[in-house]
Amino acid sequence: MGSSRNVPHKVMQDEITPLLPIKAEEDAVHEFDGASFSGAVFNLSTTIVGAGIMALPASIKMLGLIPGILMIILVALLTETSIDMLVRCSHQGKITSYGWLMGDTFGQWGRIALQASVVINNVGVLIVYMIIIGDVLSGTSSTGVHHSGVLEGWFGPHMWNSRPIVLLATTLLVFAPLVSFKRLDSLRYTSALSVALAVVFVVITAGVAIVRLIQGTVEIPKLFPEIDGVSSVWKLFTAVPVLVTAYICHYNVHSIDNELEDKTQIKPIVQTSLGLCSSVYIATSFFAYLLFGEATLADVLANFDSDLRIPLSSAFNDIVRVSYVVHIMLVFPIVFFALRLNLDGLLFPTARHISGDNKRFTIITISLIAVIYLAAIFIPSIWDAFQFTGATAAVLIGFIFPAMIILRDPYGVSTKRDKVLAVTMIVLAVVSNCVALYSDAFNIFYRKQEA
């Protein structure tokens, strides 16, 4: 513990503030004398509702409607507990970032472990974003059946609207300009628009499902999972990492907390935000599963190429898909920002802040974008990408690290109840994710054999 105390305060903070560089934080505070309650809820909700929402209907299909919805609520409650643990320790120790808290509790290796986890998690999330953009704009054949993309539907299949070309164009024309901003503050308008577009998706999906319910043209969804033998029980666990990934926002909590004048507001902000996101998740999973039943794909957006059996079906399909793809394009730079900052902190822990070094900024940005682009072309399905990041880095950031901090208790804030909860969280996280990783590896191996 002593080792991290020797690092000068300013360097430590510059090096490991996970999301906002110090400069942007100061500016943000001067600009509006402390963030508003609604603004903070909005920012946190943007961090939570990313691409996880697209894989949730497939989780509900696997778990059945009732266990699936209960799991969404359970993971939300566990997330609230783990964020509360982080916030209480940080307030007590007057600490302004997750990385600094890990460094203070476990020394240099604690900080490195957190930064590496954020890098792995965010690379995984951004690959998923790119895969979804490819699925929607140029189609997907990951299940063996081809689902045509929006551009394919409009213009027919061509070389120029094939997956590699479409993703390359998106990378150069959309992501390159957005990720070249040095301050998160510059992205606040795109952030607001991205939430509005996510709501459009939920409203249309719900509307179509309700119309079909009234018409009586939906299948009755299965309430509980179908279990036939041990392998199907193992398979249920693969839904856990997807649910965990859907709630990871921990690396952004400190930057929101730092902008509040009244520190007691962070608890209700987190609760409101998680309540809002859980409602969106439950509504989306319920209505999308109702709409597509057993045909629900790992990326439910790809389902929106079929006839919805309502008037103007193809127009609704296109609106849903295009609005969500634009939403993802706008969330991409926010996740990328944290990724670049943490990777830089890992590679150059003692160098000055990345925003002050153009050469380093450019090299890291271009390298990361290239890796994400190539991975998105070679990884076929978002389920595979989510499984890996969800079962490793996301669980560490969201549950295991906060629980370890509470057990180490460097600031004397944890009660007996906290410690029991912390141990429970670690056991649940480790067991369910080991099973999920085993099951995934088994499924991938099995698919290879079948092929």
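Any idea how far the Cα center of the range 36-109 sits from the one of the range 193-254, in Å?
18
Starting from the exponent 0.38 and prefactor 2.2 Å, build the expected Rg for the range 208-316 from its residue count and divide its actual Cα Rg by it.
1.44
Exposed loop sites here are chymotrypsin sites (Phe, Trp or Tyr not before Pro) in DSSP loop states with at most 16 other C-beta atoms within 10 Å. What is the longest stretch of the chain lacking them?
My reading of the result: 182-451 is the longest stretch.
Tell me, what % of the accessible area of the range 45-446 is carbon and sulfur with a 1.4 angstrom probe?
72
Below 14 angstrom from the Cβ of F287, what's the summed charge of the other residues (Lys, Arg +1; Asp, Glu -1)?
+1
Taking the solvent-accessible surface of protein heavy atoms with a 1.4 Å probe, what is the per residue accessible area of the chain in Å²?
41
If you add up the charges near L213, with Lys and Arg at +1 and Asp and Glu at -1, over every other residue whose beta carbon is less than 15 angstrom from its beta carbon, what do you get?
Charge balance in the 15 Å sphere: +1.
Any idea which of P177, Y251, T296 is furthest toward the positive side of the dipole for the range 45-446, if Lys and Arg beta-carbons carry +1 and Asp and Glu beta-carbons -1?
Farthest along the dipole direction, towards plus: Y251.
For n ≥ 4 DSSP H runs only, could you compute -39500 (n - 2.57) per run for the chain, divide by its residues and tell me the 222 nm figure to the nearest 500?
-23500 deg cm²/dmol
Working from Cα positions, state the angle (0 to 90°, nearest 10) between the long axis of helix 188-215 and the longest principal axis of the chain.
For 188-215 against the chain, the angle is about 30 degrees.
Of the lysine pairs in the chain, how many meet both conditions: Cα atoms under 28 Å apart, and a spacing of 8 or more in sequence or different chains?
Lysine pairs, 8 or more places apart or on different chains, close enough: 27.
Using θ = phi - 60° and the Karplus curve 6.51 cos²θ - 1.76 cosθ + 1.60, what whole-Hz ³J(HN,Hα) does each residue of the range 365-373 get, with Gly and Pro shown as x?
So the J values, rounded to whole Hz, are 4, 5, 4, 5, 4, 5, 4, 5, 4.
With +1 on each Lys and Arg Cβ and -1 on each Asp and Glu Cβ, and nothing else charged, work out how big the dipole of the chain is about its Cα centre, in Debye to the nearest 20.
In debye, rounded to 20, the chain gives about 640.
If you average the alpha carbon positions of the range 394-434 and of the range 269-336, how far apart do those two centres end up, in angstrom?
32
The values are calculated or read from the model by the stated rules, or taken from the named source; none is laboratory data. None of these values were measured; they are calculated from a predicted model. Methodologically, a virtual Cβ is constructed for each residue, glycine included, from the backbone with ideal geometry; neighbour enumeration extends over all protein chains shown. Areas reflect the complete protein model, heavy atoms only, side chains present, ligands, DNA and RNA absent. Shrake-Rupley method; radii C 1.70, N 1.55, O 1.52, S 1.80 Å.
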